[in-house]
Structure formats: C-alpha cells, structure tokens
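The values are calculated or read from the model by the stated rules, or taken from the named source; none is laboratory data. Nothing here was measured: the structure is a model prediction, and the numbers come from that model. Quick reminder, even Gly has a Cβ in these numbers, built from the backbone with ideal geometry, and neighbours come from all protein chains shown.
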Amino acid sequence: MKLSVVKERDDYVELIIKGEDQSVLDALSEVLQRMQDVEYAGHALLHPLTGEIRFVVKTKSQEIKARDALLKALEELADITEKLRSYVEAL
C-alpha cells in the first residue's frame, strides 16, 4: 500500500491511497462516521486503472484533530478485527 497526504489541517486530512482494497476503507469510514466529533469521512476511487483512492476526514477541530480521529479509528478497527478473529477461531 502506498499512502500520501494531499492536504492536512487540524480539522481536515485528505489522503491518496494506492494498492488497498476499498472494503478496508469502507470499514474505516464507518468507524469514523460513528465518532461524535467527525463531520465527514469517506473515500472515492479516482480512476479504476490507477487504483488510487482519495480518503477524506473532516472533524470539529476544537474537539479532535482529523489526524487523531483517523488514528483512533484505526485502533478501534484493529480491535474489532481482533475480536472477530477470536470469535472465528473459537468456532
């Protein structure tokens, strides 16, 4: 996976991600959207041949910075994944 920061402010971060499946970003977007101080989180495939995906997070900057919200959501997604793994292994 290749990741580059296009634009970053306290309340906004825009990334270009290449070499990752959109389903992972769907899950990350969903976790971010459930966070109280996140105004928007989403992604879009820029072009099917390049495989580049634009990922955007917008927050209420006085409550939480966009980068911090993204890191917190990634940790929560990792926890969810680990719980799912343990449930499946217990079957």
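The table below lists the values:
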quantity: The one condition in (1) at pLDDT below 95; (2) of a type in the set (S, T, N, Q); (3) within 21 Å of Glu75 (Cβ to Cβ) that Gln33 fails to fulfil; calculated: (1)
quantity: Residues of segment 18-38 satisfying the condition of being farther than 21 Å from Thr81 by Cα and surrounded by 14 or more Cβ atoms within 10 Å (Cβ to Cβ); calculated: Asp37, Val38
quantity: So Val13, is it touching a helix residue (DSSP H, G or I) at 6+ places or on another chain (Cβ under 7 Å), surrounded by 12 or more Cβ atoms within 10 Å (Cβ to Cβ) and not in a helix (DSSP H, G or I); calculated: yes
quantity: Scan of segment 16-38 for residues that are out of contact with any strand residue (DSSP E or B) (no Cβ under 7 Å at 6 or more places or on another chain) and assigned to a helix (DSSP H, G or I), ordered by number; calculated: Ser23, Val24, Asp26, Ala27, Leu28, Glu30, Val31
quantity: Meets criteria (surrounded by fewer than 14 Cβ atoms within 10 Å (Cβ to Cβ), without any contact (Cβ under 8 Å) to a residue 40 or more places away in the chain and either under 15 Å from Lys72 (Cα atoms) or aliphatic (A, V, I, L, M) (or both)) for Met1; calculated: yes
quantity: Any chance Lys83 is assigned to a strand (DSSP E or B) and surrounded by fewer than 14 Cβ atoms within 10 Å (Cβ to Cβ); calculated: no
quantity: Considering residues of segment 39-69 that are assigned to a loop (DSSP other than H, G, I, E, B) and in contact (Cβ under 8 Å) with a residue 40 or more places away in the chain only, the residue surrounded by the most Cβ atoms within 10 Å (Cβ to Cβ); calculated: Lys65
quantity: Considering residues of segment 72-91 that are of a type in the set (A, V, I, L, M) and touching a residue at least 40 places away in the same chain (Cβ under 8 Å) only, the residue farthest from Met35 (Cα to Cα); calculated: Ile80
